[in-house]
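The values are calculated or read from the model by the stated rules, or taken from the named source; none is laboratory data. In this text, all values refer to a predicted model and were calculated from it rather than measured experimentally. Here the Cβ positions follow ideal geometry from the backbone for every residue, glycine too, while neighbour counts run over all protein chains shown.
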Amino acid sequence: MEDKVTMLYGRDDPSVQCIADGNPKPHIRWRRKDTSLYWDNPLRFHRVRYDVQGTYQCVAASDGFQEVTKDVFIDVVGKPSIQSDASAVEAAEGSTARLHCEILGDPLPGRVTWSWRNKQGVENIVMATDVGLSIIEKPVDDGTSSTLLLKDVGIAQEGTYICQASNMFGEARREIRLEVLGSDQSVVALSVSVLMAVFVLVAALCVCWAVRTRRICRKKRKETPALSPTRSMPPIPKSVKRLGHGTNDSGVEDLELQELDGTLKPRPPPRGDKQWASVGLSYSGLAHATTLPPYTTVERHRPDGEDIRSRGGIPEESVLSSDEYISIEAPTPPPKIQRGRWKTRGTPGGASVRNSLHEAENALNEIQQADSI
């Protein structure tokens, strides 16, 4: 196995085989020198890059024996490879912009050049002698670094800068975009960003306000008391009893309650029935359970709608509460007088019979006179 193995940059899946003999048969592995990272034999590379270049050791080990190693240098050759810290650089207007690239290659490129492509797509070679420009080159491990300095940059210097290098195997290039802060594009981008931020903030505030308003409305609905009537209900009608003159046979005046500013108005009794038992009684079911007093017709001459309280009619104690309703029963009528059937007899009780008949006729005459009035 040779001490040096050359590989071409960019080649895929190359390998290096290590062969060792012994008894017992040794176990062979690979490791990079001065490291503890091991790989199996044969040593394989997925793709050859310049960073794999270096010294590797083939290690053979057997139980009970000392390890045996063999150093192999992996040399990578090919076209240059350019690496950069960033693909875009921002610089404030009037400041110094720094564009950097690092070139690796074997053999190393003879020179590194810079070019500039403006917004119209035209490329121009950048020279170190140009005003406001300078190029700094220095060697690094396995390559060269180049730095382009642009002093007092402005909108006119915006664009794409290209780092180029070449050797016998080929050419490589790396593009770096320079953006000067404070230019029209930057102002537009900044304005758009601010507007978007304001829009998002306003939308968030609107959503919060809507949610809060909905909660307040729901809370007010829950706290709203039941509506009460603006006008008080009229009192429950009460039965009225009038003492003194102007009452019917039971002593209870027949009155009708009307909701006219709380005024009680008497209701005249009906005149259709001429039977003496129903005279002065409007409702046969309303009466005291006691015996009816004598009937008077004085109250019939009062006009309808007259407030009998204005004449000192109903005293305070005569107004009954709503739960003091009484029942009136019609009085039992006396037996009908059968004229022409009474005969005077010469019995000892004949005088008393004539007296009773005379009293009954007088009572009937009084009732008829009252009805005629």
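Tabulated results
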item: Region 108-132 - residue that is loosely packed, with under 13 Cβ neighbours inside 10 Å, of a type outside the set (A, V, I, L, M) and in a loop (DSSP other than H, G, I, E, B) and, of those, nearest to the chain's Cα centre (by Cα); result: Lys119
item: Verdict on Gly105 being among the small types (Gly, Ala, Ser), within 29 Å of Asn41 (Cα to Cα) and assigned to a strand (DSSP E or B); result: yes
item: Unique residue being surrounded by fewer than 12 Cβ atoms within 10 Å (Cβ to Cβ), among the β-branched types (Val, Ile, Thr) and either at pLDDT 95 or above or farther than 23 Å from Glu175 by Cα (or both) when the list is Thr55, Thr35; result: Thr35
item: Qualifying residue in region 44-55 (condition: more than 18 Å from Gly105 (Cα to Cα) and touching a Phe, Trp or Tyr at 6+ places or on another chain (Cβ under 8 Å)); result: no
item: Unmet requirement for Ser95, which otherwise passes all of (1) assigned by TED's automatic domain parsing to the domain that holds Arg117; (2) outside any loop (DSSP other than H, G, I, E, B); result: (2)
item: Boolean, Phe45 is surrounded by 13 or more Cβ atoms within 10 Å (Cβ to Cβ), of a type outside the set (A, V, I, L, M) and modelled with pLDDT under 95; result: yes
item: Qualifying positions in region 138-152 - over 60 Å from the mean Cα position of the chain (by Cα) and among the aliphatic types (A, V, I, L, M); result: Val140
item: Selected residue (only one of Thr55, Thr35 is assigned to a loop (DSSP other than H, G, I, E, B), among the β-branched types (Val, Ile, Thr), outside the structural domain of Lys151 (by TED's automatic domain parsing) and over 16 Å from Thr147 (Cβ atoms)); result: Thr35
item: Residues being surrounded by fewer than 17 Cβ atoms within 10 Å (Cβ to Cβ), in a strand (DSSP E or B) and among the small types (Gly, Ala, Ser) - total across region 139-159; result: 1
item: Residue within region 61-71 that is of a type outside the set (Lys, Arg), part of a strand (DSSP E or B) and in contact (Cβ under 8 Å) with a residue 40 or more places away in the chain present; result: yes
item: Given (1) surrounded by fewer than 18 Cβ atoms within 10 Å (Cβ to Cβ); (2) closer than 30 Å to Glu175 by Cα, number of the condition Pro80 does not satisfy; result: (1)
item: Top-ranked residue of region 153-197 - restricted to ones that are polar (S, T, N, Q) and over 51 Å from the mean Cα position of the chain (by Cα), ranked as modelled with the lowest pLDDT; result: Gln157
